[in-house]
1. What percentages make up the Cα-Cα pair-distance distribution of the chain when the bins are 10 Å wide from 0?
2. Determine the shape class of region 185-232: with a ≥ b ≥ c the square roots of the Cα gyration tensor eigenvalues, call it rounded for a/c under 1.5, and otherwise prolate if a/b is greater than b/c, oblate otherwise.
3. At a 10 angstrom cut-off on C-beta neighbours, averaged per residue, how do the peptides 194-200, 60-66 rank from highest to lowest?
4. Explain nothing, just the number: relative contact order of the chain, from Cα pairs under 8 Å at least 6 residues apart, as a whole percent.
5. Need one number: % antiparallel among DSSP beta bridges in the chain, to the nearest 5.
6. Please list 223-229, 203-209, 152-158, 99-105 highest first by mean number of surrounding beta-carbon atoms within 10 Å per residue.
7. Counting other C-beta atoms within 10 Å, which of 25, 192 has the fewest, and how do the rest follow?
8. Using only the alpha-carbon atoms of region 1-57, report the extent along each of the three principal axes, biggest first, to the nearest angstrom.
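Derivation of every value follows stated rules applied to the coordinates shown; laboratory data play no part. Fair warning: this is a prediction, and the values are worked out from it, not measured in the lab. All Cβ positions, glycine included, derive from the backbone under ideal geometry; neighbour counts span all protein chains shown.
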Ligand SMILES: [Fe+2]
């Protein structure tokens, strides 16, 4: 299982506050059966350059790297959308390590046609596959058909584990997943307390609903999507 969305590298954003906290989060995910983790610290183009972000991320990762066992960590970013992002020169550098997958955080409001065009411009520019972060947070704001149109452009969708809690939310999550509109699941963990590593919530809800074989197939499907988006 891959945890596709995490804030567990130390002192990079509002996530982990120390290497100790990072290791506790990593070990907890390992305990839950996670094999691969996408480290996706927030990136805000207003605050810093892509190169400076990458340098900080490298430094942070190197403070915990030696202690990590039996987990594959891929360095990425949760890139905050802004008007003009499709023209950011270094955008590709923010893709998840070794892949062309870009985790994009959209505004929690109704997107304008220009916002949507930015996404489709990135998606059709070649070399980047957009993955919209925590898709469940945007659903109620957008017009019907927006996500179908984006999917037709090759945009993929990530949801948080917490989408699989609560009766109404959960049935929506199950439906979207079965309709191939949830491609990746992430814990979006920030710490061990109020936003903990909790990929197990999604795993146990899916197992209960669809059974072990379905979950194994879904995990394979996610692995395949990552492989398909690998670059040399
Ligand atoms: Fe996040």
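1. Values per bin, smallest distances first: 8, 35, 38, 18, 1.
2. Working: a/c = 4.65, a/b = 1.19, b/c = 3.92.
Here region 185-232 falls in the oblate category.
3. On the way: 194-200: 18.3, 60-66: 15.1.
Ranked from most to least packed, the peptides come out as 194-200, 60-66.
4. Values: 393 pairs, mean separation 52.3, N = 232.
Reported as a whole number, the value is 23 percent.
5. Details: 1 of 23 bridges.
In the chain, approximately 5 percent of DSSP beta bridges are antiparallel ones.
6. Values: 223-229: 14.1, 203-209: 16.3, 152-158: 18.3, 99-105: 22.4.
The densest-packed peptide leads the list: 99-105, 152-158, 203-209, 223-229.
7. Listed from fewest to most nearby Cβ atoms, that is 192, 25.
8. So the extents along the principal axes, rounded to whole Å, are 36, 22, 16.
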